[in-house]
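The values are calculated or read from the model by the stated rules, or taken from the named source; none is laboratory data. Predicted model only: the values in this text are computed from it and were never measured. In this analysis, Cβ positions are derived from the backbone assuming ideal geometry, glycine residues included, and neighbour counts consider all displayed protein chains.
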Amino acid sequence: MSAHDEILEPRPQGAIARFRAFREKQPHLFLLVLMMLVAFFMMDPRTWVVLTISGLAMGAMVFLMASGMTLTFGLMNVLNLAHGAFISLGAFAGATVLVHWLNASAGESSLLANLAAVVPALGFALAVAGVVGLLFERLVIRPVYGDHLKQILVTVGGSIILMEMIHVIWGPNEIPVPRPDALTGAFLVPESWPVIGGVALEKYRLIAVILGLAVYGMMTWVIEHTRTGILIRAGVEDQEMVEVHGYRIRLLFLGVFVAGSALAGLGGAMWAMYREIITAHMGDELMISVIVVIILGGLGSIKGCFYGAVLVGLINLYVGYLEPRLAAVATVGLMVGVLMWRPQGLIPVIKV
Amino acid sequence: MSDPILSLTGVRADIDQYHILHGVDLQVPKGELTVLLGRNGAGKSTTLRTIMGLTTVTGGQVRFQGEDITGQPTPRIARKGIAFVPENMGIFSLLTVRENMVLAAVSGPMDEQRLNWIFELFPPMKKFWNRPAGNLSGGQKQMLAIARAVIEPRELLLVDEPTKGLAPAIINDLADAFEQLKQQQVSILLVEQNFNFSRRLGQSVAVMNDGGVVYAGQMAELADNEELQQELLGLGLGAHQ
Ligand SMILES: Nc1ncnc2c1ncn2[C@@H]1O[C@H](COP(=O)(O)OP(=O)(O)OP(=O)(O)O)[C@@H](O)[C@H]1O
Ligand SMILES: [Mg+2]
């Protein structure tokens, strides 16, 4: 009863109305602010800053992995349960380049030499996942357009094949991933800064956040402002009419599928450097977060996917710190809570 | 008469497992407006969709500008210069009016002059340019659907019941737009239930019944022959005035 009374506490009408409007119109921002505020009052501000950055970093990486899947589902109505295999594939491809390159330039710790290793590693992960995505769409997905049950069966099968191929190429064991020197260590906030002076922020996490934001910005730009983006949004709504205007929707599908797979690979490679150890099944483990994120965000929505990923990242870190035993349930709990509030997810795009 | 721009001979088409068209014969003369009439369920919409490659053709032939386009994929048919305005208009409601038009201008940036001409034909398009198309009224959506079809020069327009549910004033605007297109020598195949509207615009006419064409001729002929109208369409001349 007491909680109930608090909610009913009289407040100026205008403020309540504005608050309600914010909650309904910007549910993603509302939830983000709410979560960050609650956490802020439950811990020391310096810890909060560190956890928030880490949560954002995790969110950024999960966003990279999830964005492709939400588009594939939103545009093509394809449930690709092999998406996780592309995450693993990217991780192994990236790790291979890193190992070779860092061995070659052993001992070099200059930023340039390190970047020279990281950029090709990420590029290779992107390329390998993209090319395999191209083959996968042609061979596995194409025959099962329009049939969810077959998609589930066929993509689970495809996923097993991809993971076995990883075992064949890289062996069955977990592989340690060297993180280049320039990306290890932390960035110290100057002591003179108020409240958070002296806090150590891991460099790699900051870079992950920046990369995630950059990809989000680029995707948003493509979707909002280019012809391809218009076609993607139109295709989510009515594929037949896109074809009636002279565009080959299958080609658009293929492009989106390849881009989505490539981004999953990029996310996987980022995750590999973050965890510094990889297994063929890492993708499957991450798929739980990925699926939560795309459902939470609203299927087919890039913006929803981004905010969903950030929320999942943050709740993981906050709860993991406050009550480690609850960390595992927090993610799923968040999804259930959001779906009870908004059954279509935070930013619904399509009706399922 | 010169060669028709579009001709269907003995076209049979299925939707899923149903046989809908049982041998349609239809000619659309070049540079004219042809009206396709017929009772509800006669197969008019299915005929247009079949021309666009949206049904399964099981027999017969569709020729466009002398070329056999039967069974070709929809995008390829569209790129030959055929625009299609379906019965439900097919507006992308989540896209803005502008984005709908950008998408329809397949070969690149929109032509400034043509756009101004469209704005003159349909002033609401200019007014709501950057609004989501889903917010437009029914009549405005119809305007957008036709605007999309003519944003680039086309050889042939297929338009399915553009006057459905529209107020008389807007129907007049649409008629003006079709008059202008006729003057530009665009070939048009128009499905229309409103006989006054179609009589005013149509040069040739075809009447369908039960999946086939049962009458084809000049509109003037049909318009003057009440008995024929009664027989083909079940309507007297006065009934829809
Ligand atoms: N998707 C479908 N599945 C099965 N039957 C269909 C389908 N679409 C149309 N039909 C059938 O095909 C026949 C022709 O339909 P069509 O829509 O072409 O008629 P129409 O002449 O356009 O009628 P209206 O004037 O009512 O628009 C009808 O008997 C209809 O029931
Ligand atoms: Mg119809």
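Looking at segment B:3-54, which of the residues that are more than 8 Å from ligand 1 (Cβ to nearest atom) and among the polar types (S, T, N, Q) is farthest from B:F178 (Cα to Cα)?
Filtering segment B:3-54 for residues that are more than 8 Å from ligand 1 (Cβ to nearest atom) and among the polar types (S, T, N, Q), the one farthest from B:F178 (Cα to Cα) comes out as B:Q17.
For residues that are modelled with pLDDT under 95 and crowded, with 17+ Cβ neighbours inside 10 Å, scanning just segment B:156-170, find the one that is farthest from ligand 1 (Cβ to nearest atom).
Here is the first cut: in segment B:156-170, the ones modelled with pLDDT under 95 are B:161-170.
Right, trim to crowded, with 17+ Cβ neighbours inside 10 Å and you get B:161-163, B:166, B:170.
Numbers: B:E161: 6, B:P162: 12, B:T163: 12, B:L166: 15, B:I170: 20 Å.
For segment B:156-170, the residue satisfying everything is B:I170.
So how many residues does segment A:233-281 have that are under 21 Å from A:V62 (Cα atoms) and not small (G, A, S)?
The qualifying residues number 15.
Look at B:Q113 and say whether it is of a type outside the set (D, E, K, R), over 23 Å from A:R250 (Cβ atoms) and not assigned by TED's automatic domain parsing to the domain that holds B:Q140. Spell out the reasoning first.
Details: of a type outside the set (D, E, K, R): yes; over 23 Å from A:R250 (Cβ atoms): yes; not assigned by TED's automatic domain parsing to the domain that holds B:Q140: no.
No, not satisfied.
Taking B:N130 and the conditions (1) within 27 Å of B:K80 (Cα to Cα); (2) more than 16 Å from ligand 1 (Cβ to nearest atom); (3) part of a loop (DSSP other than H, G, I, E, B), which numbered condition does it fall short on, given that it satisfies the others?
Against the list (1) within 27 Å of B:K80 (Cα to Cα); (2) more than 16 Å from ligand 1 (Cβ to nearest atom); (3) part of a loop (DSSP other than H, G, I, E, B), B:N130 comes up short only on (1).
So the check is Cβ under 6 Å with 6+ separation or different chains; which pairs have a first residue in segment B:36-52 that's in the same structural domain as B:Q203 (by TED's automatic domain parsing) and under 20 Å from B:M219 (Cα atoms) and a second one that's near ligand 2 (Cβ under 8 Å from one of its atoms) and part of a helix (DSSP H, G or I)?
Cβ pairs passing all conditions: B:L36/B:K44; B:G38/B:K44.
If we scan segment B:136-155, do we find a residue that is within 21 Å of the chain's Cα centre (by Cα), of a type in the set (S, T, Y), over 21 Å from A:I249 (Cα atoms) and more than 9 Å from chain A (Cβ to nearest Cβ)?
Yes, segment B:136-155 contains a residue that is within 21 Å of the chain's Cα centre (by Cα), of a type in the set (S, T, Y), over 21 Å from A:I249 (Cα atoms) and more than 9 Å from chain A (Cβ to nearest Cβ).
Condition (residue is within 16 Å of ligand 1 (Cβ to nearest atom), surrounded by 17 or more Cβ atoms within 10 Å (Cβ to Cβ), modelled with pLDDT under 90 and part of a helix (DSSP H, G or I)) applied to segment B:198-215: is it met by at least one residue?
So far as segment B:198-215 goes, yes, one or more of its residues are within 16 Å of ligand 1 (Cβ to nearest atom), surrounded by 17 or more Cβ atoms within 10 Å (Cβ to Cβ), modelled with pLDDT under 90 and part of a helix (DSSP H, G or I).
If B:T47 satisfies every condition in (1) modelled with pLDDT of 95 or more; (2) surrounded by fewer than 16 Cβ atoms within 10 Å (Cβ to Cβ) but one, which is the exception?
(2)
Look through segment A:233-264, keep the residues that are touching a Pro at 6+ places or on another chain (Cβ under 6 Å) and among the charged types (D, E, K, R), and return whichever of them is surrounded by the fewest Cβ atoms within 10 Å (Cβ to Cβ).
Selected residue: A:R248.
Which helices (runs of 4 or more DSSP H) does segment B:1-106 wholly contain that include 3 or more residues that are away from ligand 2 (no atom under 16 Å from the Cβ) and more than 30 Å from B:E231 (Cα to Cα)? Before the answer, list the steps.
Numbers: elements: B:44-51, B:74-79, B:97-104.
Of the helices (runs of 4 or more DSSP H) lying wholly inside segment B:1-106, those with at least 3 residues that are away from ligand 2 (no atom under 16 Å from the Cβ) and more than 30 Å from B:E231 (Cα to Cα) span B:74-79, B:97-104.
For B:L228, are the conditions met, namely being within 14 Å of chain A (Cβ to nearest Cβ) and either away from ligand 1 (no atom under 14 Å from the Cβ) or out of contact with any Phe, Trp or Tyr (no Cβ under 6 Å at 6 or more places or on another chain) (or both)?
Details: within 14 Å of chain A (Cβ to nearest Cβ): no; either away from ligand 1 (no atom under 14 Å from the Cβ) or out of contact with any Phe, Trp or Tyr (no Cβ under 6 Å at 6 or more places or on another chain) (or both): yes.
No.
Being of a type outside the set (S, T, Y), within 16 Å of ligand 2 (Cβ to nearest atom) and in contact (Cβ under 8 Å) with a residue 40 or more places away in the chain is the filter here, so list the residues in segment B:165-203 that pass it. Give the derivation first.
From segment B:165-203, those of a type outside the set (S, T, Y) are B:165-186, B:188-197, B:199-203; that's our starting set.
Okay, now just the ones that are also within 16 Å of ligand 2 (Cβ to nearest atom), so B:165-166, B:189-195, B:197.
Once the filter is applied, which keeps residues that are of a type outside the set (S, T, Y), within 16 Å of ligand 2 (Cβ to nearest atom) and in contact (Cβ under 8 Å) with a residue 40 or more places away in the chain, segment B:165-203 yields B:L189, B:L190, B:V191, B:E192, B:Q193, B:N194, B:F195.
Do the conditions hold for A:P190, that is, is it more than 14 Å from chain B (Cβ to nearest Cβ), touching a helix residue (DSSP H, G or I) at 6+ places or on another chain (Cβ under 9 Å) and assigned to a loop (DSSP other than H, G, I, E, B)? Steps first, answer last, please.
Values: more than 14 Å from chain B (Cβ to nearest Cβ): yes; touching a helix residue (DSSP H, G or I) at 6+ places or on another chain (Cβ under 9 Å): no; assigned to a loop (DSSP other than H, G, I, E, B): yes.
Here the answer is no, as A:P190 does not meet what is asked.
When you go through (1) more than 16 Å from ligand 1 (Cβ to nearest atom); (2) acidic (D, E); (3) within 20 Å of the chain's Cα centre (by Cα) one by one for B:D111, which number turns out not to apply?
Looking at each condition in turn, B:D111 falls short on (3).
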